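Each value in this text was obtained by applying a stated rule to the coordinates, not by laboratory testing. Just so it is clear, the model here is predicted, and its values are computed rather than measured. Virtual Cβ from ideal backbone geometry, glycine too; neighbours counted across all protein chains shown.
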Amino acid sequence: MKYIESIKYVLILILAVSLSTSCTYDDVNQDPTRPGGDAVPLVAIVPAMQTQTHRNIEAVLGRYSGIITQQWQGFDAQQLQYTSYVIGENDTDNPWNFGLYTGSMRDAADIIERATNTDAPYTRGIAEIYMAINLGIATNMWGNVPYSEAFLGEENLTPKYDDQEELYGVIQQLLNMAITDLSGEDPAEIQGSLVDGSPADWIKSAHALKARFYLQQTSVSANAAQLALDEIALAVSSNIEQQDFFFENTQNGGHPLALFGLQRPNTMIIGDYFVDIMNDDPRKDLYMAPIDGGNFAYFENDNANLFWSQLDSPSPVISYAEVKFIEAEALQRTGGNALQTLKEAVRANMEYLGIANPAIEKYLITIITANIETIITEKYKAMYGQSSLQTWNDYRRTGFPTIIADPNGSNGNDPSGIIPRRLLYPITERLSNPNAYQNAIDAQGGHLLDDEIWVFPSK
Amino acid sequence: MKSNYKVLLTLFMALVVQLGFAQTKTITGTVIDDSGMPLPGVNIVIKGSTEGTQTNFDGMYSIDAKTGGTLIFSYIGFANQQRAIGSSNIVDVQMEPGEALEEVVITALGVKSTPRSVTYAVENVTAEDIENTGETNLVNSLSSKSAGVSVVSASGSVGASSNIRIRGNTSIGRSNSPLFVVDGVPIDNSTSDNGVGGADNSNRAIDINQNDIASMDILKGTAAQTLYGLRAANGVILITTKKGKAGAPVVSVSSTIQFSMVSQLPDLQTEFAQGRSVDGVTTYRGPETGEGFSWGPAISSLEYDGATDYPYSRFGNLVPTGQGNGQPAEGYDHYDFFGTGVLNEQNVSVRGGSENIRYYLSGGKLNQTGVSPKEEFDRRSFRADLSADLTDKLEISASGTYVTSGGRRVQRGSNVSGIMLGLLRATPSFDNGNGLNGRIAANTPSSYQLPDGAQRSYRGGVYDNPYWTVAKNPSTDAVKRFLGRFSAEYKPFDWATIRGTLSYDEYSDVRKAGVDINSAGNPQGQVFDNSIFSEDINSQLLFLFDKNITEKLTFNALAGYDGFRTSTLNRTVLGNALTIPGFFHVSNTASQATSENVDRKQLDGLLSEIRLGYNETFFLNGAFRNDWSSTLPEDNNAFQSYSVGGAMVITEFLKNDILNYGKLRASYGKTGNDAPTFATLTYYNAAASGGDGFIDENQFPIFSTVAFERSAQLGNAGIRPEITKEYEFGGEFRFFDSKLRIDATYYNKETTDQIISVDQPAVTGYTSRVVNAGVITNKGWEIVGSLQPIRTDNFSWNIDVNWTAYENVVEELAENVESITLAGFTSTSSRVIAGQPYGALFGSRFQRSENGDVLIDEDGFPLPDPEDGVIGNPIPNWTMGIRNSFSYKDFSLSALLDVRQGGDVWCGTCGIIDYFGTSQKTADQRGITDFVFPGVNATTGEPNTKQVALANPANGINSYYWVKDAFGGISEDNIYDSSWIRLREVSLAYSLPTKLLDNTFLSSGSITASARNLFLITDYPGIDPETNLTGASNGVGLDYFNQPNTKSYALTVKLNF
């Protein structure tokens, strides 16, 4: 029986060793292909934040905005469905998750924290500007959105949605902090920015953005126009001062509109309404090209004329033309004469696009009044390609241009079939942050496409 | 031929055979069994040599041997007999039943046990069961062969992966595929890159040459797998390969030729032309418009105009009848794209050995073309298995397998270059092949290319013409794999064995996917290079003890160490924008994005087991294993697996005439799954700007700039292993002298502490985090039965049945986590959702009243729900395999029927072809103007009575029922029950009669005709519902332009020398 005894001891030994020790594997479980957070410098995060932000402006949210405002229309597949307002909770997941909150806004929050720890105020200022731009996009699209409790990782897994009115305050505050940060000294200079510009240039862009966000509140704040005018005085004052982000002439680094044209060919074309109002406009050939069947393409693989759909097309932080349109509208709203400013706005846009002066002059003669309708309709033409988001904002705020809702637009996401007033919150929020999501919907009286957000009431 | 054979034989003989020369004479004789019947196939070897022979069908043999030598007679189930060679030239032998009368069961770590002592379910699949399947992929060969084992192949593409599950799914985040163990050594059966688009890639078990397999044993339950610890949380498939055995060399040659064709395909219409409603009027809109719909006028109302400058058709434009040249328009059948695939397989093996050295050598070559033009898969394998008894107590053995596999894959799924996507969306008024079809069209550029180099397709290159994609978008892979094993077994005492094994499984998989200029997916062209290098090293040291304590009390024990190291390197280069058409090299691309990923882990295990038996009646066993895994947090990386089991042979005290054998068994076990690699930390990734599902990310480095951003996944330093606990009860009963056998098992397992990458709100700055949470249960019945209704000398009939039913439910998930997506699209996906079956289908649906009636809007159409929900259960109610085998003299016939009851599949394809108006359904129903949707009015709650036109041109295309709600419709509309009955395999084999072979060099031979999927009966409207878009992934039940399955016919010839 001795062998039984010895086996018993072997087994007991195994059990004892098993329960009492843990093995050491050194760095086997550390991914050699990815750095940890400590190794990553600011200079490596700023480009990610900027690229994602300009993508947010030009990619899927931009396309929704442009389709809703009929600058584009669907020609096939999902884009056709979006044209008749079938834009549901699934269609907003990607931009919310990976475009904004775990995209550019995460990067901006990360940079702000790191720049604070390493005392890099200029770079923090840039991140504050970008955070403001992105938070602006988020609240323009969805009304109440999380911010005050966001970006805390495990510390807060169910961030609440802040009221939109508060968020407009937060945006102004972020831009004020940016201006303060960029006004001081920073021996490290601006780190990693892909957009050219001195701190002074960024300060001008920040003021321009402040003007944009003030003007967005014309329906809910009596002094919005005046506040915007005050900022205009300090803002970008020429096309030269305009700060542009440039995508590059590769598919990997290409502009989202060109990528969409290349990778989803013939699924989205120029909207009929937009084709009609661009007749006799010198910008028409820079925006669209005729195709078989009487329609116009916004993209063609080898058409270098189409200004906004080249792989290396720019994306402005905020354009000088937009600043002038803001000024024109603010002037008009505060009782001033806006006609000259409106013409300057149109000229700024045309010059930026490279239209020759005689054609500009010829066009400007046709602009004879500067009321809200003419200002916004001209702005609608000028903002094409650079930011359809602002076009949709303007439409919701002013009701211009006078587009007509799609006749088949009534569906579960848009029961009344009107031109959408907002986007639905994404499905991942419903499934992973359900209470905060429900509270936000309750607070706003719904989140379907025909429910209004606070800042853009229809009346 | 004969002389060739002799050369070959001489060569082998020279290698391994020692020949004796002195005083040789010819011995003949007859071998009979204990009942006096002649015993064919008995091995006869001259002791101390490799020379040997076998008895023929009449039990007779003849061998040349020297006087004074000894003949050894061996046959499975009988004790070896030895006879000295004296003066007589005739040696007759009667074999006596030996110890191994009962078949042997292989259990964990290759331990051999008697079936009566096993306390859990183990099922054996023999070489015969898999030899006539006609499947290239070993996993597919297991289909319907065993209770509790489910196999779903991704598609009918050659080399496509297959999804295998034993007792359902247990884990959300980890692979649920069982561990494949070949001769005691686990091998890699991973797959990569089977997403919703791209090509069907293989699972690596496809590298196994089925001709090398002697048998497979399937360990299903936790208790059976305990000794494999963390690595075997999903069952184990033990493969035993063919080995050399003492005796004269036996050379086996087999050759198979198989022809495959597509099986089921969705019905397409050929009645209505391309077009749509324009200003309220149904209008033809040709390829030049770039439009996709087939909601145009009747093809019979159109004719050609004979224009010679029209690039899309050699007959000119389509115009209304009367305006052209009188040549009527045609409705084309696009399915003439598919042809006959041919499989050609040759195998040669030689086995034999002396008493001390045994060898098995084999070589196999397989070439398979698919039903789609240009599709091809190749496999070549070479295997050597040697063992030697160095002393009475020490045996060493080694084996090496070298395999090359790979081929040219075709594009499928959600992919504008996908074959089925381009084929099924194509309008019937357009001729994809431009007058040609099948392989000829694919080899003729004018069928898919316009003179200016642009693509000739029904909508001007928005989707690839199927002929274009097979010709211009090649996707190739080339795997080179080496599997090596070295073992030593030392028996210091007859009751103790020490066994050490070291093994190596290494492969490289070099893939290249080209997209030519003017392709739909990337008009500028693209090259994607992907190189995968994988290395697994296993080491094992075992101490085995086997000694009876008393006469009646048997004792077995085992203790040892098991180590595992794995690492994978995956490098990719994506190059965009080609300059030279068709030259798929990165140097020909304008910009590049690269990536490099590493995956690696180590596992160390100490293991032990004790088995006790009393009087061959009562059995008890217990096993314990401790694992240390590198993927777990360093301070807490140990994990214990254990099991206990008991069995009782009731017929030892309840013996009667009806029940000749009965056994009850029960076991309980706990095992687990470790964490995914690198999940304990939060990393930074090379930045990629995304957030748009329609276009590629902007992947850094770009702009000549480096950028990193924090990973969207939050690491968890407190992660613990998953735990699976399972109990099972079973019974095995044999009636009427074992003519009827029934084996039934009930199991119930629960997996807790699931390691899940849960969605967390993106607003936290992360979209997911790895947590321990969630409970999945899995319970089911497995019944295996066999019946031998007739057995005579010349004729026998066997029926084997296996039946499986299980419930696989996600009981709970993490807090605030309602669902996790396993695979699919934003619109329709396979998910885990608390309270729902594993893999539940989730997607868009209609609004319903409290009674479950669909709500109908004022216009008379069903109202889509703005919130998605659960729309289907992909798990079948039960599955059954029934095999009938008949043998009459030299003929044997076997048919395997496969029945599946229930299990939903989402036919995404159906929704899209309805949307485009190419389905037969839309041809049949587009004219209906008085349709009343079942349901209740959304406002009044009254039953709906409103009549609607399903496709009224006056309201525009966006008002059509199949177009209005979404691209591809509402997911719920496209969920179908996939129940089927299919004749999975049928084969007729003829063994060459001995008389015919007597005067030849052949010792045996057979000719087999077989067929696969000869018929399929199902209500599923798409392709064969045995399909899965994402291959071997955890997500199931998705069909979105999957490649169709095939049926095939084969002829196999096998000869043994």
Stretch B:Leu988-B:Ala214 to full length: gain in nm at 0.36 nm per residue minus the Cα-Cα span? 276.6 nm
Averaged over every viewing direction, what's the projected area of the C-alpha convex hull for region B:370-475? Give it in nm², one decimal, please. 9.6
Positive dipole terminus of the protein assembly as shown, leading residue within B:Asn1045, A:Ile376, A:Thr428 (C-beta point charges): B:Asn1045
Nearest 20 debye, what's the magnitude of the dipole of region B:547-671 about its Cα centre given +1 on Lys and Arg Cβ and -1 on Asp and Glu Cβ? 200
Where labels lie 7 Å past Cα in the beta-carbon direction, separation of B:Asp92 and B:Ala384 in nm: 4.5
Shape of region B:325-423 from its Cα gyration tensor (a ≥ b ≥ c, root eigenvalues): rounded if a/c is under 1.5, otherwise prolate when a/b > b/c, or oblate? prolate
Within the P(r) computed for region B:74-219, what percentage of the Cα pairs occupies the region above 29 Å? 33
For region B:931-1057, what mean projected area does the convex hull of the alpha carbons give, in nm²? 14.0
At q = 0.14, 0.16, 0.26, 0.29 Å⁻¹, base-10 log of I(q)/I(0) for region B:977-1031 (Debye sum, equal scatterers on each alpha carbon): -0.58, -0.64, -1.00, -1.08
In vacuo Debye scattering of region A:302-383, one point per C-alpha: log10 I(q)/I(0) at q = 0.13, 0.16 Å⁻¹? -0.42, -0.61
Estimated FRET transfer efficiency when R0 is 41 angstrom, pair B:Lys725-B:Thr792 (beta carbons, to 0.05): 0.25
Quick check: Cα centre of region B:280-340 to Cα centre of region B:632-659, how many Å? 69
Cα extents of the protein assembly as shown per principal axis, largest first, Å, are 131, 83, 66
Spin-label model distance (nm) - A:Asn439 vs B:Glu858, 7 Å beyond Cα toward Cβ: 3.7
Residues listed by number, region B:449-482, amide nitrogen under 20 Å from B:Phe533 label point at 7 Å toward C-beta: B:477-482
Evaluate the Kirkwood expression for the hydrodynamic radius of region A:157-263, namely the inverse of the mean inverse distance over all pairs of different C-alpha atoms, and round to one decimal in Å. 16.4
Given B:699-708, A:450-459, A:421-430, the highest-first ranking by average Cβ count within 10 Å works out to A:421-430, B:699-708, A:450-459
Which of rounded, prolate, oblate describes region A:80-233, given a ≥ b ≥ c as roots of the alpha-carbon gyration tensor eigenvalues and a/c under 1.5 marking rounded, otherwise prolate only if a/b is larger than b/c? oblate
Straight-line reach from B:Lys491: which aspartates and glutamates fall under 12 Å, measuring Cα to Cα and dropping same-chain residues less than 8 apart? B:Asp389, B:Asp392, B:Glu395, B:Asp546
Compare the Cα positions of B:Asn140, B:Gly622, B:Val251 along the charge dipole of chain B (+1 at Cβ of Lys, Arg; -1 at Cβ of Asp, Glu; about the Cα centre) and return the one farthest towards the positive end. B:Val251
Ranked highest first by average number of other Cβ atoms within 10 Å, how do B:838-844, A:348-354 line up? B:838-844, A:348-354
When the gyration tensor of region A:26-100 is built from Cα positions, what are the square roots of 5 times its three eigenvalues, in whole Å, from largest to smallest? 37, 16, 9
Say R0 is 35 Å: what FRET efficiency, to the nearest 0.05, do B:Thr67 and B:Thr391 get from their beta-carbon distance? 0.75
What is the dipole size for region B:817-955, taken about its Cα centre, with +1 at each Lys and Arg Cβ and -1 at each Asp and Glu Cβ, in debye to the nearest 20? 720
Rounded to the nearest 20 debye, dipole of chain A from Cβ charges on Lys, Arg, Asp, Glu: 540
Once you have the Cα-Cα distance between B:Tyr888 and B:Asn548, take 0.36 nm times their residue separation minus that, and quote the gain in nm to one decimal. 117.9 nm
Report the calculated FRET efficiency for B:Phe1015 and B:Thr444 (r = Cβ-Cβ distance, R0 = 30 Å), to the nearest 0.05. 0.30
Using a simple spin-label model with points 7 Å from Cα along the Cα→Cβ vector, what separation in nm is obtained for B:Gln327 and A:Ile368? 5.8
Note the per residue figure in Å³ for the convex hull of the C-alpha positions in chain B. 199
The Kirkwood hydrodynamic radius of region B:667-753, taken as the inverse of the mean 1/r over all distinct Cα pairs, in Å, comes to 18.4
